[in-house]
Amino acid sequence: MALTNNKAVLNWIDEMAAMTQPDQIVWIDGSDAQIEDLRAQACATGELEKLNQELLPDCYLHRTAVNDVARVEDRTFICCRKQEDAGPTNNWMDPQEMYAKLKKLYTGSMKGRTMYVIPYSMGVVGSPFAKYGIELTDSIYVVLNMCIMTRVGTAVAEVIGDDFVKGLHAKADIDPENRYIVHFPEDNTIMSVNSGYGGNVLLGKKCFALRIASYLGRNQGWMAEHMLILGIQNPAGEVRYLAAAFPSACGKTNLAMLIPPEHYRKAGWKVWCVGDDIAWIRVGEDGRLWAMNPENGFFGVAPGTNAKSNPNALASTQKGTIFTNVVHNLDNNTVWWEGLDKNPPTNAVDWKGNPWNGQESTEKGAHPNSRFTAPAKNCPCISPEFENPKGVPLSAIVFGGRRAKTAPLVYQSLDWEHGVFVGSIMASETTAAAAGAVGVVRRDPMAMLPFCGYHMGDYWQHWLDMGQKVDADKLPKIFNVNWFRTDDEGHFIWPGFGDNLRVLEWIMKRCFNEVDADQTALGYEPRPEDLDLNESGVDLETVRGLLSVDKDLWLQDVAAIREFYGKFGDKLPKKLAEELDALESRLKA
Ligand code: GTP
Ligand code: SPV
Ligand code: MN
């Protein structure tokens, strides 16, 4: 039975059902009984496997098709009417042409299947900042993941208006040649076909909360960003917030749930997680920038997650979690992945569904982009502000990426505009989160390269404009970090993870004028002795190395940035071109 009388919603569902021709249509009310029933159905067909309910209550395992394990950027489109509005970093096709092409792929694709109707909210249901969508899908896996990642069901259906985001997903034949992840920002519409993997099919996440939302935010004066949000509580009990944009699989979940080093803990420091992937940022009533997390769960990278690197993430996965493409340990019906511990199971099934002996096999058991979908409420350090619809006030914005050499451990921008420049020149080594080569350095401005729903030049201008809406003394300070510098043998020099708090502490002190800095060609950097290295295993000399700026390497980077900027033509904000010139002259000085 339909959960709403809204004609716009019902007409659209009728139209999509006429095209996809499902045997039946089922509305998702979000009740425990319905979720339990869907889990049982998925277990009966093998779509899910029920894990050891004593050790991992309400946890399930899913394996995707082997050709369907990551986002597909080359098959992701922004279909606005004018190509120039999509910009040089997005794939584009004329909307009418794309609709016609997709229609062929969707027609009859749900014959013999059920179409599930998922009313969902990004943000707290009923809050003025929440936005609603409906995803139609023929995948129970998608339904169950959406029930963790977003707020789903009757309460949403009751408040949904005509401006909801329409999302249609069909697994079809999981044919990589006909896989399309398409956005029509001008129509509030997302269409995804021939995939069953995470970011391609959980349409509330990257498709809505970043690509469509970034477009809406530009028109409405707010921002949708690929950022974690965290609060740092100091021994005085004050909590200060920051948001940080790192590219996919570059450490957002890990930083968001950070556990302070021991002596910090003893002194009373604590980190609160507000969000690990997406931030919607607005000017608040007090004239500051406020960030809220529109999601309700974590779709986190499994490999590397362990009791030492990220105990909070691990704890979050111990109940009500769906694991995707990890190892199935048959001895105790639990899961395993590379980097969980040093005891890979011997009697196991790998992510491809083949028998796997972790002591003998030379192949990885879990896919490098294997993931857990865990409810946010499971996280031991979830912020008391997590459900606050307004979010939290930002003192700092942090950019970062994987750079083996160039970028120092941390530097602060000179002001907001220079900070926007710092975000725009971000570069990072590619990871397994997207299909394609891994470890290749590419420009990924603000970690939004794959997620900006419009022209990147206009996006940068929007960042500059947001800075004008806020008094200079209320703007967050902007920083850049790099946990990933390596030595000559390729080992990470900085210990990372919990020890990153040492850098965050300096960042917050800068925001509150509590520490001085050295000025370099890049901006402001810590005096090495101002970083708390107590029990870090890192000495001052090493930190000096991590903070060093290799001018020759940077001048090469300036040339690469100039070439990159060239792609944006007239749309490159003048201010950013000036910042690039200024950086070059500081490097040459
Ligand atoms: P998406 O969910 O894809 O957006 O990624 P994310 O930014 O949340 O990345 P995540 O925190 O899951 O980290 C991805 C990988 O980076 C994992 O394999 C981590 O072990 C590794 N990593 C995270 N933080 C650090 C760090 O401080 N140092 C080092 N060396 N590795 C890290
Ligand atoms: C990312 O790739 O940045 C993710 C995972 O957070 S996905 O939802 O697949 O986009
Ligand atoms: Mn992400």
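Just to be sure before I move on: is PRO260 within 14 Å of ligand 1 (Cβ to nearest atom), surrounded by fewer than 23 Cβ atoms within 10 Å (Cβ to Cβ), not basic (Lys, Arg) and not assigned by TED's automatic domain parsing to the domain that holds PRO128 in the structure I sent? So PRO260 fits the description; yes.
Output the residues belonging to the stretch 321-380 that are basic (Lys, Arg) and in contact with a helix residue (DSSP H, G or I) (Cβ under 8 Å, 6 or more places away or on another chain). Spell out the reasoning first.
We begin by selecting, within the stretch 321-380, every residue basic (Lys, Arg); these are 342, 352, 364, 371, 377.
If the condition is that a residue be basic (Lys, Arg) and in contact with a helix residue (DSSP H, G or I) (Cβ under 8 Å, 6 or more places away or on another chain), then ARG371 is the only one that fits.
How many of the residues making up the stretch 182-200 are within 21 Å of ILE160 (Cβ to Cβ) and within 16 Å of ligand 1 (Cβ to nearest atom)? Matching residues across the stretch 182-200 total 0. For the stretch 490-515, residues that are β-branched (Val, Ile, Thr) and within 12 Å of ligand 1 (Cβ to nearest atom) total 2. Which residues, taken from the stretch 228-258, are assigned to a strand (DSSP E or B) and farther than 21 Å from ASN388 by Cα? The answer is ALA245, and nothing else.
Every residue, every condition in (1) assigned to a loop (DSSP other than H, G, I, E, B); (2) within 16 Å of ligand 3 (Cβ to nearest atom); (3) open to solvent by less than 10 Å² (accessible area, probe 1.4 Å), yes or no:
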{"position": "LYS266", "(1), (2), (3)": "no, no, no"}
{"position": "TRP280", "(1), (2), (3)": "no, yes, yes"}
{"position": "ALA291", "(1), (2), (3)": "no, yes, yes"}
{"position": "GLU295", "(1), (2), (3)": "yes, yes, yes"}
{"position": "LYS308", "(1), (2), (3)": "yes, no, no"}
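Taking the listed residues TYR180, TYR241, the one that is more than 14 Å from ligand 2 (Cβ to nearest atom) and either small (Gly, Ala, Ser) or not assigned by TED's automatic domain parsing to the domain that holds SER428 (or both) is TYR180, with no other qualifying. Annotation: ALA236 fulfils all but one of (1) out of contact with any His (no Cβ under 6 Å at 6 or more places or on another chain); (2) within 13 Å of ligand 3 (Cβ to nearest atom); the unmet one is (2). Taking the numbered list (1) modelled with pLDDT of 95 or more; (2) within 23 Å of the chain's Cα centre (by Cα); (3) part of a loop (DSSP other than H, G, I, E, B) in turn, CYS273 passes all entries but (3).
Is there a residue in the stretch 471-489 that is touching a residue at least 40 places away in the same chain (Cβ under 8 Å), within 16 Å of ligand 1 (Cβ to nearest atom), surrounded by 13 or more Cβ atoms within 10 Å (Cβ to Cβ) and in a helix (DSSP H, G or I)? Checked against the condition, which is being touching a residue at least 40 places away in the same chain (Cβ under 8 Å), within 16 Å of ligand 1 (Cβ to nearest atom), surrounded by 13 or more Cβ atoms within 10 Å (Cβ to Cβ) and in a helix (DSSP H, G or I), the stretch 471-489 yields no hits at all.
Can you say whether ALA291 is within 30 Å of ILE181 (Cβ to Cβ), within 15 Å of ligand 1 (Cβ to nearest atom) and either over 20 Å from the mean Cα position of the chain (by Cα) or among the aliphatic types (A, V, I, L, M) (or both), as far as the supplied structure shows?
Against the criterion (within 30 Å of ILE181 (Cβ to Cβ), within 15 Å of ligand 1 (Cβ to nearest atom) and either over 20 Å from the mean Cα position of the chain (by Cα) or among the aliphatic types (A, V, I, L, M) (or both)), ALA291 does not qualify.
Based on this model, can you work out whether PHE246 counts as at pLDDT 95 or above, touching a Cys at 6+ places or on another chain (Cβ under 8 Å) and within 12 Å of ligand 2 (Cβ to nearest atom)? Considered against the rule, which asks whether it is at pLDDT 95 or above, touching a Cys at 6+ places or on another chain (Cβ under 8 Å) and within 12 Å of ligand 2 (Cβ to nearest atom), PHE246 comes out as no.
Note on the stretch 268-278: residues that are open to solvent by less than 10 Å² (accessible area, probe 1.4 Å) and within 16 Å of ligand 3 (Cβ to nearest atom) total 5.
When LEU449, LEU531, LEU501, LEU522 are screened for being within 30 Å of PHE77 (Cβ to Cβ), crowded, with 16+ Cβ neighbours inside 10 Å and assigned by TED's automatic domain parsing to the domain that holds GLY423, only LEU449 passes. Restricting attention to the stretch 78-91, and to residues there that are surrounded by 22 or more Cβ atoms within 10 Å (Cβ to Cβ) and not in a loop (DSSP other than H, G, I, E, B), which single residue is farthest from the chain's Cα centre (by Cα)? Among those that are surrounded by 22 or more Cβ atoms within 10 Å (Cβ to Cβ) and not in a loop (DSSP other than H, G, I, E, B), it is ALA86. I'm told ILE322 meets every condition in (1) among the β-branched types (Val, Ile, Thr); (2) in contact (Cβ under 8 Å) with a residue 12 or more places away in the chain; (3) more than 24 Å from CYS250 (Cα to Cα) except one. Can you identify the failing condition by its number? All conditions are met except number (3).
The values are calculated or read from the model by the stated rules, or taken from the named source; none is laboratory data. Bear in mind the structure is a predicted one, so any value in this text is a computation, not a measurement. Counting neighbours? That spans all protein chains shown, and the Cβs are built from the backbone with ideal geometry, glycine included. Remember, those area values only see protein heavy atoms, side chains included, never the ligands or the DNA or RNA. Shrake-Rupley method; radii C 1.70, N 1.55, O 1.52, S 1.80 Å.
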